[in-house]
Amino acid sequence: MNSKVNFKKGDQVVVISGDDQGKKGKIVSIFPKKMQVIIEGVNFLKKHNKPTQKVPQGGIIKKEGALHISNIRLICNKCNKPTKIKRDSTKEGKRVRICKECGEIIDKV
Ligand SMILES: [Zn+2]
């Protein structure tokens with residue numbers, strides 16, 4: 001199994017399963033070992049903070065939680081569809097990412 005993370009920071013992606021299905025956002029962090037990413041504005045987790053001297057009532061912090069890459073698809077910047085990514089190289093030997101939907105080169109790696 002190819003366990004490489006084909007996503008990059010700044011990629012526009014859509015969530016394809018779970019509570020946030022259909023939500024779109026930009027990748028802001030990648031954790032290659034866990035095969036997880038954090039997407040801006042998606043999968044908010046509420047974290048309850050214990051009361052402190054500064055904030056005696058405690059508080060709830062909303063923070064984006066990581067999503068496994070199997071739950072997201074890249075939005076192709078050529079055909080605008082959610083797609084899987086194929087890695088390939090051009091005749092010139094440049095590594096590129098290719099959209100599996102339309103076959104166009106998305107960008108150079
Ligand atoms: Zn495409």
A correct fewest-to-most ranking of VAL96, VAL14, VAL109 by other Cβ atoms within 10 Å would be VAL109, VAL96, VAL14
Expressed as a rounded percentage, what relative contact order does the chain have, with Cα pairs under 8 Å and six or more residues apart? 20 percent
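Would you calculate the convex hull of the Cα atoms in the chain and tell me its volume per residue in Å³?
Details: hull volume 13.7 nm³, N = 109.
Given the Cα convex hull of the chain, per-residue volume reads 126 Å³.
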Taking LYS86 as the anchor, which lysines have their alpha carbon closer than 27 Å to its alpha carbon, excluding any fewer than eight residues away along the same chain? LYS4, LYS8, LYS9, LYS23, LYS24, LYS26, LYS33, LYS34, LYS78, LYS94, LYS100, LYS108
I need the phi-derived Karplus couplings for the range 88-96: 6.51 cos²θ - 1.76 cosθ + 1.60, θ = phi - 60°, integer Hz, Gly and Pro marked x. 8, 10, 7, 4, 7, x, 7, 6, 9
Grab the other residues whose beta carbon is less than 14 angstrom from that of SER89, score K and R as +1, D and E as -1, and report the net. +4
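Filter the trypsin sites (Lys or Arg not before Pro) in the range 63-109 down to the DSSP loop ones having no more than 12 other Cβ atoms within 10 Å, then list what survives. Before the final figure, lay out the partial values.
Details: sites: LYS63, ARG73, LYS78, LYS84, LYS86, ARG87, LYS91, LYS94, ARG95, ARG97, LYS100, LYS108; in loops: LYS78, LYS84, LYS91, LYS94, LYS100.
Within the range 63-109, the qualifying trypsin sites (Lys or Arg not before Pro) (loop, at most 12 other Cβ atoms within 10 Å) are LYS84, LYS91, LYS94.
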Non-local amide H neighbours of VAL96 (under 5 Å, H modeled in plane, Pro and chain starts lacking H): which ones? ASP88, SER89, THR90, VAL109
Radius, Kirkwood style, for the range 47-100 when every pair of distinct Cα atoms is counted (Å): 15.2 Å
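No value in this document is a laboratory result; all are computed from the given coordinates. Note that the structure is predicted; figures quoted are calculated from it, not measured. All Cβ positions, even for glycine, are placed from backbone atoms using ideal geometry, and neighbour counts span all protein chains on display.
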